[in-house]
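Right, one structure below, let's go through it.
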Amino acid sequence: MATPLDTRDRILNAAEELFFQQGIAVTGVDRVAATAGVAIVTLYKHFGSKDNLLREVLVRRLDSWTRHWDEALARAATPEEKLLAVFDAVETFRAAANPTQWCSFLATASERPAPAAGQEDPVFELIRQDTQMITERLARLAKDAGCPDPATVAAVLLLLYNGVLGSLLRGEPSNPVAHARTAAGSIIRASAGQPDTERS
């Protein structure tokens with residue numbers, strides 16, 4: 001007999017696969033329940049609503065992504081390599097995570113309009129949290145790498161990071177992580193006033 005944890009994980013795995021392969025709006029909780037092999041009442045017992053289920057899927061993805069980035073940072077030997085580790089983490093995370101069509105957070109943002117001023121949306125708040133975490137960490141690492149304007153470097157690297165995620169969806173260019181990592185390295189060295197070893 002399945003334990004409650006096993007059941008919860010099966011539901012989360014089914015939701016993650018369906019939401020980010022087929023689409024969030026078109027995927028009903030009945031299909032998630034059927035894929036997970038549970039009754040709809042069981043799904044609601046664990047999560048209460050589709051929005052809560054989506055939020056829990058995103059929480060799990062964010063926790064996993066952060067662990068991969070932490071591990072990539074631990075492997076990096078220099079401040080520049082630590083700043084570039086975000087791209088290494090993309091590769092290890094995608095290799096280990098449940099398959100999705102593209103970034104779960106961008107997919108959610110593409111289907112879910114930002115809440116109006118004064119309104120709260122716990123799901124969209126997670127999207128903001130993910131963006132804030134990435135931006136703040138990149139800025140801190142850019143400062144450690146000697147970039148005089150770490151906020152700008154972080155913004156440009158966030159653009160490259162988003163470009164990687166979009167390219168993975170489009171399928172072109174091939175190996176977007178490597179291209180983005182090379183471009184990011186040139187940007188970091190130029191910002192820090194170092195020679196571009198990739199070209200020299």
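The values are calculated or read from the model by the stated rules, or taken from the named source; none is laboratory data. These numbers were taken from a predicted model, which means no experiment stands behind them. In this analysis, Cβ positions are derived from the backbone assuming ideal geometry, glycine residues included, and neighbour counts consider all displayed protein chains. Keep in mind that these areas ignore ligands, DNA and RNA; they rest on the heavy atoms of the full protein, side chains included. Shrake-Rupley method; radii C 1.70, N 1.55, O 1.52, S 1.80 Å.
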- Query: Would you call R60 open to solvent by 50 Å² or more (accessible area, probe 1.4 Å), in contact (Cβ under 8 Å) with a residue 40 or more places away in the chain, closer than 21 Å to V29 by Cβ and in contact with a Pro (Cβ under 9 Å, 6 or more places away or on another chain)?
  - Reply: no
* Any chance region 42-53 includes a residue that's more than 17 Å from P122 (Cα to Cα) and either assigned to a loop (DSSP other than H, G, I, E, B) or among the aliphatic types (A, V, I, L, M) (or both)? -> yes
- Task: Assess whether A95 counts as being more than 24 Å from Q21 (Cα to Cα), modelled with pLDDT under 90, hydrophobic (A, V, I, L, M, F, W, C) and open to solvent by 20 Å² or more (accessible area, probe 1.4 Å).
- Result: no
(message) So for region 66-83 (the condition being in contact with a Leu (Cβ under 8 Å, 6 or more places away or on another chain), assigned to a helix (DSSP H, G or I) and buried (at least 18 other Cβ atoms within 10 Å of the Cβ)), does at least one residue qualify?
(response) yes
Output for Cβ contacts, cut-off 6 Å, separation at least six or different chains, first residue touching a residue at least 40 places away in the same chain (Cβ under 8 Å) and among the acidic types (D, E) in region 69-82, second part of a helix (DSSP H, G or I) and open to solvent by less than 40 Å² (accessible area, probe 1.4 Å), reads E80/I188
Taking region 19-52 and keeping only residues that are within 14 Å of R112 (Cβ to Cβ) and open to solvent by less than 40 Å² (accessible area, probe 1.4 Å), one is left with F19, F20, G23, I24, T27
Given the conditions (1) of a type in the set (F, W, Y); (2) within 30 Å of H179 (Cα to Cα); (3) out of contact with any His (no Cβ under 9 Å at 6 or more places or on another chain), every one holds for F47 apart from (2)
